[in-house]
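What follows is a set of notes on a single structure, which appears directly below.
The values are calculated or read from the model by the stated rules, or taken from the named source; none is laboratory data. The structure displayed is predicted, hence computed values, not measured ones. Here Cβ is always computed from backbone atoms with ideal geometry, including for glycine, and neighbour counts include all displayed protein chains.
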Amino acid sequence: MKTYSGIDLHSSNNYVGVIDDKDQRLYRKRLPNRLDTVLSALEPFKDSLEGVVVESTFNWYWLVDGLKEHGYKIHLANPSAIKQYEGLKHTDDKWDSFWLAHMLRLNILPEGYIYPKEERPVRDLLRRRLLFVKHRTAHILSLQSMISRNIGDNMSCYAIKRLDEGAAESLFDSPYLVLAAKSNIAVIHFLKERIKLIEKAVKSRIKLREEFKCLLTIPGIGDILALTIMLEVGDINRFPQVGNYSSYCRCVKAERFSNDKKKDENNRKNGNRYLAWAYVEAANFAIRFSPPAQAFYQRKTAKTKPVVAIKALGNKLARATYYIMRDQVPYDPKKLFS
């Protein structure tokens, strides 16, 4: 007899359901988020289990890694792609766990990508760098706004980055404004050091693989963006077509039209937000260093908003990098901007 298991995972507990090949429910129980407890629950079915489905939540690492290390065949379910019968009046964790196992039995389970455990910490560290960059930018803009509001001087972001705490006393008369400015400056310098430390650690630990070295030939993509793209993509062959990759990078409109009228918007946040950020950054750099990219951006800007033009250029770069990574060929602007 073949069995199938689904685990509906939450922040502090999980619900385990097990069915057989005739959809008979063999086990159902809510368990705490402890690996030994989950292993004990699945142990009686280990020899007959065809697979264990874990829903892709924010905290799936420990469960998926632990079950894989103990010999279970794991499937990571993609929640945004799972279809349910809309006529259902009641669903709960028990129903969800059995539904995951049922889809696995029917071989219709939409699966997510289980990122290799070895490179996952480095990818997450690079994501933390982006968080620090955003926080540093917020403090720079806050200080810039305070200077403009109280002094009337429009100080550039570059100049603010070079300020030290002593400069705050010459900028403001009020001791409270001086303290606020010193606090901003101190945080800016601290985050700058942390960002450099993370970049140094990532560069020393991870080298660009062969299929990603060609990314450096693209104007606008340097070491950090290339590493970000490589670590977020993982295996480029998991995307069967360029459209799948472009959609994953959030470069595709999430809209539904009927009779030339907009009817609804789909899930715009479905995809990888870090890749979406990377290609917008690459597009902003490309219009500075690549004449063909700049000409494309200017043509788009004449017809639409600058932010839409940047996104369009980012989409072209995303589609180009797909073929560059898949075929391991250098960047050719003639093919991209023919």
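Points worth noting:
- Residue identified as in a helix (DSSP H, G or I), buried (at least 18 other Cβ atoms within 10 Å of the Cβ) and touching a Leu at 6+ places or on another chain (Cβ under 6 Å) among 160, 224, 195, 188: 160
- Residue 113 in a loop (DSSP other than H, G, I, E, B), surrounded by 13 or more Cβ atoms within 10 Å (Cβ to Cβ) and of a type in the set (Phe, Trp, Tyr): yes
- The residue list 143, 179, 216 contains one member that is in contact with a Leu (Cβ under 9 Å, 6 or more places away or on another chain) and over 25 Å from residue 275 (Cβ atoms), which is 143.
- Restricting attention to region 28-75, the residues that are under 17 Å from residue 101 (Cα atoms), loosely packed, with under 13 Cβ neighbours inside 10 Å and among the hydrophobic types (A, V, I, L, M, F, W, C) total 0.
- A count restricted to region 1-27 and to residues that are surrounded by 15 or more Cβ atoms within 10 Å (Cβ to Cβ) and either in contact with a His (Cβ under 6 Å, 6 or more places away or on another chain) or in contact (Cβ under 8 Å) with a residue 40 or more places away in the chain (or both) stands at 13.
- Of all residue pairs spaced 6 or more apart or on separate chains, none has beta-carbon atoms under 6 Å together with a first member in region 193-214 that is in the same structural domain as residue 232 (by TED's automatic domain parsing) and a second member that is part of a helix (DSSP H, G or I) and at pLDDT below 90.
- Candidate set from region 34-66 (those that are of a type in the set (Val, Ile, Thr) and outside any helix (DSSP H, G or I)); member that is nearest to the chain's Cα centre (by Cα): 57
- Answer from 283, 278 - the residue that is surrounded by 12 or more Cβ atoms within 10 Å (Cβ to Cβ), under 15 Å from the mean Cα position of the chain (by Cα) and modelled with pLDDT of 95 or more: 278
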